[in-house]
Amino acid sequence: EHIEIKSTYQNALDRVDRNIEHLLDGVDSDPLFAFSGDHGELLGENGAYFHPPHEKRTDDKLLRVPVVLDGIDIVPDTVSLIDIAPTLVSAVGIDPPSIWQGRNVAEETRQSALTIIPWQNDADILWHEGDHRIHGFGSSVKFDTGDEQGERTELEKSGEVKQRLRDFGYLE
């Protein structure tokens, strides 16, 4: 079953590749394009496949968003989805608007990343920089900093943080 799932997934990716090639063959110019997903997929890691909606999973493979920017050299692990638009407009010689929060990752890579994983009634938060990680599960937090590990079961939030979480729909 594991091999069949991986083979079927690879076949689907091959079809996407062929369709993109077909599309680009029909364009007269040399376009610049971006391709990304909204999350990664599990293909048997820890016994799970795809992104099981009935489980609160935050596996690294799910959090790594596939990103390809054609013709632009980037380090894939340093790209956030908010970086795609600034990188593309910079590549064609346009300065991104100052209100955009992303960066041109062809010139500046990210050293850290924050991922918010919304669930129906709460959200997990993962911050990582290199080997250092802080992972918030609802009201508990686990952290890894190289050889040190720890956990905090109650997370205090300032009024400003609570308001931001309300604005995003994570708190009522």
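Structure summary
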item	result
Probe 1.4 Å - accessible area at Val89, Å² to nearest ten	40 Å²
Modelled FRET efficiency - R0 41 Å, Leu24 with Gln163, Cβ distances, 0.05 increments	0.35
Heavy-atom accessible area order for Ser29, Ser7, largest first, 1.4 Å probe	Ser29, Ser7
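The values are calculated or read from the model by the stated rules, or taken from the named source; none is laboratory data. Just so you know, these numbers come straight off a predicted model, no measurement behind them. As a convention, Cβ positions derive from the backbone with ideal geometry for all residues, glycine included, and neighbour counts pool all protein chains shown. Quick note on the areas: whole protein, heavy atoms, side chains included, nothing else; ligands and nucleic acids left out. Shrake-Rupley method; radii C 1.70, N 1.55, O 1.52, S 1.80 Å.
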